[in-house]
Ligand code: CP3
């Protein structure tokens, strides 16, 4: 399926992803669509969270909202990482004040029998593909469109824990007590994600990001056994699967939050871009990424957006000074928080424009 989408007017993101020369560092922000925007809250007053995800017109609308306000260099499709557990047959509720909640988590490995082991990705997640195609068309080439998925470990963590947690002790206990069953679950997730991401590119996604948001509760040894091999299978199979279909592979980003211990391990994979959270050291990551020809993305502390605007501009300037302007995509080190000021985000975005011309 090769579609005729409008020609790109701004491809800074895609060029930076490949390490090509750019006139200015591209900038986008994780969770750039969300509750900090009054226009997003207005949509959410009328529709619940997963209805927005499942209705292409609504998902498209909230994806475009931040682009109307800020000089961003990418759109990221509005969806959630938890649509994969849903596609495998699990119920997920978005409970106000509590976040994602699974009424029936996987309490023991036997519960994996409840899962759909042969999901029809196009049937279960076709609404994401439709949202991507609509959004890519409506963008009119203004900026590239990013697709994404949760990484296998992070999705397993939610499915076993049943929601958010600071320790994820339940899924971590599986890694010690039931390593083989854990790997079965991780493999099912991996194979589903591969099909899902190939479908996203066919539908119009121009770059793909894997969110391993809970990598930080693992140590390097566990990460190398239960997270990285699946991330590697995903990047390799998505790229080869696209080639087999006659489609050019798109750049891929791995964002493993908290995985300080594995920056070099990730730099040795076929991911093009390594996303850094705000606690990771830019200079250290730059040494490693240069040695392996990778682009870096990140990593201003999101909480810096609570500072007075002059301070945000200074912090952004010093962030760019550390990363340099080549092979770099400016972003926060994690997503926007709901109580942040859109005006302060504007200062961050404008400061990247101001301080990164080359
Ligand atoms: O703008 C974008 O970045 C695109 C949309 C996006 C959302 N979730 C929308 C969303 C993306 C890329 C995600 C990914 C996601 N979802 C991650 C990985 C990134 C990360 O934060 O580490 C994770 C862990 C989730 C799971 C999830 N979904 C959580 C923890 C929450 C927050 C719950 C809360 O109440 O704070 C969600 C809900 C969610 N996903 C919201 C948005 C805008 C807010 C919920 C709402 O509108 O009610």
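Taking 8 Å as the Cα distance limit and 6 or more residues as the minimum spacing, I'd like the relative contact order of the chain as a percentage.
On the way: 657 pairs, mean separation 80.2, N = 358.
Rounded, it is 22 percent for the chain.
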Rounded to the nearest 5, the percent of antiparallel DSSP beta bridges in the chain equals 15 percent
Mean-square fluctuation maximum in Gaussian network of the chain, Cα pairs under 10 Å, restricted to 188, 296, 231, hits 188
Quick one: if you stick a label point 7 Å off each Cα along the C-beta vector at residue 187 and residue 357, how many nm between them?
5.6 nm
What residues from the stretch 79-98 fall in the zone where the backbone N is under 15 Å from a label point 7 Å along the Cα-to-C-beta line of residue 339?
97-98
Return the FRET efficiency for the residue pair residue 245, residue 3: r is the Cβ-Cβ distance, R0 is 22 Å, and the value is rounded to the nearest 0.05.
0.95
Angle in degrees between helix 228-244 and the longest Cα principal axis of the chain, rounded to the nearest 10
80 degrees
I need the shape label for the chain. Rule: rounded when a/c is under 1.5, else prolate if a/b > b/c, else oblate, with a, b, c from the alpha carbon gyration tensor.
rounded
Could you please state, rounded to a whole Å, how far the C-alpha centre of the stretch 166-228 is from the C-alpha centre of the stretch 77-138?
14 Å
Ranked from fewest to most other Cβ atoms within 10 Å of their own Cβ, 175, 345 fall in the order 175, 345
What percent does the relative contact order of the stretch 134-283 come to when contacts are Cα pairs within less than 8 Å and at least six residues apart?
26 percent
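For residue 321 and residue 95, what is the calculated FRET efficiency with R₀ set at 56 Å and r taken between the beta-carbons, to the nearest 0.05?
Working: r = 42 Å, r/R0 = 0.75.
The pair residue 321/residue 95 has a calculated efficiency of 0.85.
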Relative to the chain, whose Cα atoms define the longest principal axis, helix 342-355 and its Cα axis are tilted in degrees, nearest 10, by 60 degrees
Helix 179-203 versus the longest principal axis of the chain: what angle, 0 to 90°, nearest 10, using Cα atoms?
50 degrees
Cα centroid distance between the stretch 266-285 and the stretch 299-358, in Å?
18 Å
Determine which residues of the stretch 204-231 fall in the zone a paramagnetic label at residue 268 would reach in this model, i.e. backbone nitrogen under 18 Å from the point 7 Å along Cα→Cβ.
219-231
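Every number in this text was worked out from the coordinates using simple rules, so none of it is lab data. Quick caveat: nothing in here was measured; it's all calculated off a predicted structure. Methodologically, a virtual Cβ is constructed for each residue, glycine included, from the backbone with ideal geometry; neighbour enumeration extends over all protein chains shown.
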